[in-house]
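Notes follow once the structure below has been shown.
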Amino acid sequence: MSDVLIRGRVLTFVREPAGIDDAGAYRYHEDGAVLVRNGKVADVGTYADLAKRAGSGISIADHRPNLVLPGLIDTHLHFPQTQAIASYGAQLLEWLNTYIFVEEQKFQESQHAAFIAGRFMDELLSNGTTTAVAYCSVHPESVEAFFTAAEERNMLMIGGKVMMDRNAPEALRDTPQKGYDETKHLIGKWHGRGRAHYAISPRFAITSTPEQMEMSRALVAEHPDCYVQTHLSENRDEIAFATSLYPGAQDYTDIYTSYDLLGRKTLLGHCIYMSDREISVLAETGAVGVFCPTSNLFLGSGLFDRDRFDRLGARHSVATDVGAGTSFSMLETMDEAYKVLHLQGQRLSPLNSFYMMTLGNARALDLEHRIGSLHAGADADIVILDSRAKPAMELRMQVASSLAEELFVLQTMGDDRCVAEVYVAGRPMKRGRREQAKTLIE
Ligand code: GUN
Ligand code: FE
């Protein structure tokens with residue numbers, strides 16, 4: 001692959017911003033460029049410097065006046081729920097039983113799983129998301145479809161087969177042994193193949209027997225380099241049910257701790273009704289609480305207390321949680337995150353939002369050397385954002401006077417229309433696809 005110089009207003013974070021305009025937290029080049037070579041970032045700087053160093057004959061993708069950022073990262077969503085967004089009127093447990101456990105049964109069909117997996121990846125890319133951590137269904141076919149679709153697009157994706165052996169319809173249940181064997185086989189086939197990473201995925205305490213939790217413990221011990229994902233403290237009825245099923249545990253978090261499931265590679269969806277003790281356990285183990293604002297509002301679950309996580313030193317990340325989450329867009333997700341925090345008297349600065357979607361989420365995955373920031377040696381996963389993509393944004397931008405203000409407009413008013421292009425390992429995926437489609441029609 002030949003070198004490409006991606007030109008535009010380059011923005012990338014180097015640390016978490018401390019306030020509304022903490023200029024030390026990011027690098028910004030008004031007329032900047034990213035040199036891409038063999039799918040990696042080779043250099044980042046001003047366009048003048050990079051063009052001089054690259055010499056003549058270099059191909060240039062000119063995205064001025066748009067922003068050039070690292071590809072966005074989504075740390076929790078469900079690929080088999082792509083067609084279940086906007087399922088009406090229920091809170092978590094009723095929503096799962098009424099809609100989700102019906103929808104996920106469709107994924108025993110390989111053809112259906114493959115169709116949705118492809119559309120799912122394309123939808124992520126349309127929204128500028130280049131890496132995501134996803135639950136598949138209980139069926140190994142869904143995991144095959146998921147990683148195949150990711151591999152076809154060369155996306156760095158993390159996912160795994162949901163394990164559940166109770167409190168779900170027969171057609172969606174495995175057994176402790178089956179869940180173990182299928183997970184083991186899928187890890188062997190996919191984990192570390194190309195850009196794929198496996199996540200061991202007991203759905204949550206309600207849908208796994210103690211025997212399945214034991215099997216999860218074994219899987220985690222045998223594969224310490226795999227991720228672990230589950231759900232924790234999303235809804236009061238869920239907490240009461242989960243703790244009633246594990247009477248020996250002192251609280252919901254303790255259920256997972258007692259099976260050694262918490263560590264730096266563990267992602268815990270929601271974490272809303274947490275005691276200080278529970279958040280401190282996350283801090284001690286390095287497990288990550290995942291803030292899912294659109295989902296928590298949509299299901300009427302509650303408000304994630306980010307400041308308490310920070311105060312107690314626990315790691316957190318942010319995610320869409322499609323299909324309880326209502327949008328694939330991380331911009332729309334941060335818009336809702338801002339409001340959820342605002343309701344609790346907490347602030348989310350626009351710089352911090354963009355940090356969270358990129359470097360913050362990469363750090364939560366311990367992948368900051370590869371994704372989430374633009375530096376020499378990183379994977380060239382890049383999103384191009386247009387802050388004037390909608391007429392109302394164009395008007396609003398006429399009176400914007402700082403980068404932070406522009407980012408806030410993007411997050412508050414933006415969506416997939418603002419994603420002008422997205423690069424996966426250096427390859428343009430959006431315009432590229434549109435042009436391909438046009439050629440096919442012509
Ligand atoms: N808890 C267990 N499964 C799910 C799920 O699919 N979505 C959400 N939001 N919470 C869950
Ligand atoms: Fe979820």
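The values are calculated or read from the model by the stated rules, or taken from the named source; none is laboratory data. Keep in mind it's a predicted model, so treat the numbers as computed, not measured. Virtual Cβ from ideal backbone geometry, glycine too; neighbours counted across all protein chains shown.
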Open item on the list: Let me confirm something: among THR333, THR320, which residue is assigned to a helix (DSSP H, G or I) and within 19 Å of LEU268 (Cβ to Cβ)?
Closed with: THR333
TODO: Can you tell me which residue among ALA145, ALA117, ALA113, ALA149 is within 25 Å of ASP366 (Cβ to Cβ) and surrounded by 22 or more Cβ atoms within 10 Å (Cβ to Cβ)?
DONE: ALA149
Task: Leading residue by the ranking (surrounded by the most Cβ atoms within 10 Å (Cβ to Cβ)) among those in segment 187-213 that are aliphatic (A, V, I, L, M) and not in a strand (DSSP E or B) - done: ALA205
Task: For THR320: the one exception among (1) of a type in the set (S, T, N, Q); (2) within 16 Å of ligand 2 (Cβ to nearest atom); (3) over 30 Å from GLU278 (Cα atoms) - done: (3)
- [ ] Kindly indicate which of GLU152, GLU123, GLU141 is within 29 Å of ASN352 (Cβ to Cβ), in a helix (DSSP H, G or I), away from ligand 1 (no atom under 15 Å from the Cβ) and not aliphatic (A, V, I, L, M).
- [x] GLU123
Open item on the list: Can you list residue pairs whose Cβ atoms sit under 8 Å apart, with the first residue in segment 71-90 being within 18 Å of PHE146 (Cβ to Cβ) and the second being within 12 Å of ligand 1 (Cβ to nearest atom) and basic (Lys, Arg)? Count only pairs 6 or more apart in sequence or on different chains.
Closed with: none
Open item on the list: Take the conditions among the polar types (S, T, N, Q), more than 15 Å from ligand 1 (Cβ to nearest atom), assigned by the TED database to the domain that holds ILE239 and more than 19 Å from ILE158 (Cα to Cα) and apply them to SER329. Does it pass?
Closed with: no
- [ ] For segment 261-284, name all the residues that are surrounded by fewer than 17 Cβ atoms within 10 Å (Cβ to Cβ), of a type in the set (D, E, K, R) and in a loop (DSSP other than H, G, I, E, B).
- [x] ARG264
TODO: Could you tell me which of the residues SER216, SER258 is surrounded by fewer than 17 Cβ atoms within 10 Å (Cβ to Cβ), among the hydroxyl-bearing types (Ser, Thr, Tyr) and away from ligand 2 (no atom under 16 Å from the Cβ)?
DONE: SER258
Task: When residues of segment 259-303 are limited to those that are of a type in the set (S, T, N, Q) and more than 20 Å from LEU331 (Cα to Cα), the one farthest from ligand 1 (Cβ to nearest atom) - done: SER280
